[in-house]
Amino acid sequence: MSEDAPLILTAQLPDDLHARYTALRDEHFPPERNYLEAHVTLFHALPGPCEGEVVSVCERMARDHAPVAGEVVGLMSLGRGTAIKLESPAMLRLRERLADGFHGLLTQQDQHRPRLHVTIQNKVTGKEAKALQAQMEGTIQPRAFAFRGLSLFRYRGGPWEHVKTFAFRGSERA
């Protein structure tokens, strides 16, 4: 297996939201492209050969930080898809600290602050995306939750290969 394949770092949803949003992906994502469970991507393409360095930074952050507050906001258009919009100033602050730890490893895409979301439909027509958003209007209620950790994956073109999970277990607030 090639260690050159890029690494993807995600924030872990609580179990109930993960299950609910994975079910929505299964229902609405084009089946031929639906390789993944619900996830919140923090970094899209960290260099594969730097896995040890990435793991070390993530272990330190997980050891030091308590679960990170977040909020479900509602639906979000992706143009040719639909997502659940999340807000978490604390997760964005933690992501900035992670980015500092990954200095020199970030792609152009990963140098920008993400819009936190869970994709439930993608790579469909704009018309199909708008139809789903209209159908789901009012079904995603705002609620508070806590991200429970980080997950690292290796991208090999289809399903992601799980590398390691880092549970937040510290007392520091992001």
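Within the chain, the proportion of Cα pairs with more than 19 Å between them is 57 percent. Paramagnetic label reach from Thr139 (point 7 Å along Cα→Cβ; backbone nitrogen cut-off under 14 Å): within the stretch 1-35, residues 20-29. Cβ-to-Cβ counts within 10 Å put Asp16, Asp64 in ascending order as Asp16, Asp64, the fewest first. If a/c stays under 1.5 just call it rounded; otherwise compare a/b with b/c (prolate if a/b is bigger, oblate if not). Do that for the stretch 32-78, with a ≥ b ≥ c from the square roots of the Cα gyration tensor eigenvalues. In terms of gyration-tensor shape, oblate.
Per-residue ellipticity at 222 nm from helix content only, as computed over the chain with -39500 (n - 2.57) for each DSSP H run of at least four residues, stands at -9500 deg cm²/dmol. Couplings 3J(HN,Hα) for the stretch 44-55, derived from phi with the Karplus relation 6.51 cos²θ - 1.76 cosθ + 1.60 (θ = phi - 60°), are 8, 7, 7, x, x, x, 9, 3, x, 5, 4, 4 Hz, where x marks Gly and Pro. For Arg154, the shell of other residues with beta-carbons less than 13 Å away shows a net charge of -2, using +1 for Lys and Arg and -1 for Asp and Glu.
Compared with the alpha-carbon gap, the fully stretched path from Ala146 to Arg80 is longer by 20.9 nm at 0.36 nm per residue. The relative contact order of the stretch 1-54 comes to 58 percent, based on Cα pairs under 8 Å that sit 6 or more residues apart. The residues packed around Phe166, meaning those with a beta-carbon under 12 Å from its beta-carbon, carry a net charge of +3 if Lys and Arg are +1 and Asp and Glu are -1. How much net charge surrounds Ile84 when only other residues with a Cβ under 15 Å from its Cβ are counted (Lys, Arg +1; Asp, Glu -1)? In short, -2. For Phe43, nonlocal amide neighbours, meaning residues 5 or more places apart or on other chains whose placed amide H falls under 5 Å from its own, are Leu9.
For the stretch 1-68, how big is Rg over Rh, using alpha carbon atoms and the Kirkwood form of Rh? Across the stretch 1-68, the Cα-based Rg/Rh ratio is 1.04. Taking amide H as placed 1.01 Å from N in the peptide plane, the amide H of Val163 sits under 5 Å from that of Leu152, Phe153, Arg154, each at least 5 places away or on another chain. Bridges between two residues of the chain, per DSSP, are antiparallel at a rate of about 95%. For the stretch 24-127, relative contact order (Cα pairs under 8 Å, six or more residues apart, normalised by length) works out to 41 percent. Tell me which of Thr125, Ala45, His28 sits at the most positive position along the dipole axis of the stretch 21-174, charges placed on C-beta atoms (Lys, Arg +1; Asp, Glu -1). Projecting each Cα onto the dipole axis, the largest value belongs to Thr125. Helix 15-28 and the longest principal axis of the Cα set of the chain meet at an angle near 50°. When both the stretch 13-77 and the stretch 105-173 are represented by their alpha-carbon centers, they are found 5 Å apart. Per the Cα gyration tensor, the stretch 118-174 maps to an equivalent ellipsoid with semi-axes of 30, 22, 7 Å, ordered largest to smallest. Spin-label pair Lys130-Thr41: with each label point 7 Å from Cα along the Cα-Cβ axis, the two points sit 2.5 nm from one another.
Working note: Karplus 6.51/-1.76/1.60 with θ = phi - 60° gives the stretch 105-117 the couplings 9, 8, 6, 4, 4, 7, 7, 9, 5, x, 8, 5, 6 Hz, where Gly and Pro are set to x.
Where a number appears in this text, it was derived from the coordinates with a stated rule and is not lab data. All of these numbers come straight from a predicted model, not from anything done at the bench. Here Cβ is always computed from backbone atoms with ideal geometry, including for glycine, and neighbour counts include all displayed protein chains.
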